[in-house]
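Contents: one structure, followed by commentary.
Coordinate-derived values only; no laboratory data. From a predicted model like this one, the values you see are computed outputs, not experimental measurements. As a convention, Cβ positions derive from the backbone with ideal geometry for all residues, glycine included, and neighbour counts pool all protein chains shown.
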Amino acid sequence: MKAKPRRLAKSDVAARIYGRLMHDPVAREGYSAQRELIELGRSLRAARTQLGATQARIAKAAGMTQAELSRLENGLLANGVTYTTLTQLSHVLGRQVVLQVVESAQALKAT
């Protein structure tokens, strides 16, 4: 009788894929950028829900559609988000945008 191949749990598969991706500098950078968009979206959603407001109400006040706000809250904006959009949205939410330029681990070193 032939033994059945061991089926990996979803978490094991995800860990393997993550491990392989993190060895590729381009993939690692893309993953990092997407993770930042997801974190931004979560903070925007938290601010909106803290106000008890709907996506439709906040989006209209910020000059965007509800669908755009939903995608932003879910980190799914393919081209990111503009500074202007963020400032309009943060104003409506009673928040402010804080940008920082910090040294990257992959920054070019002066020679």
- Item | Extent along principal axes [Cα atoms of the range 10-92; Å; largest to smallest] | 43, 26, 17
- All other residues with a Cβ under 15 Å from the Cβ of residue 37 taken together, and with Lys, Arg as +1 and Asp, Glu as -1, what is their net charge? -1
- Message: At a 10 angstrom cut-off on C-beta neighbours, averaged per residue, how do the peptides 23-34, 45-56, 62-73, 86-97 rank from highest to lowest?
- Response: 62-73, 86-97, 45-56, 23-34
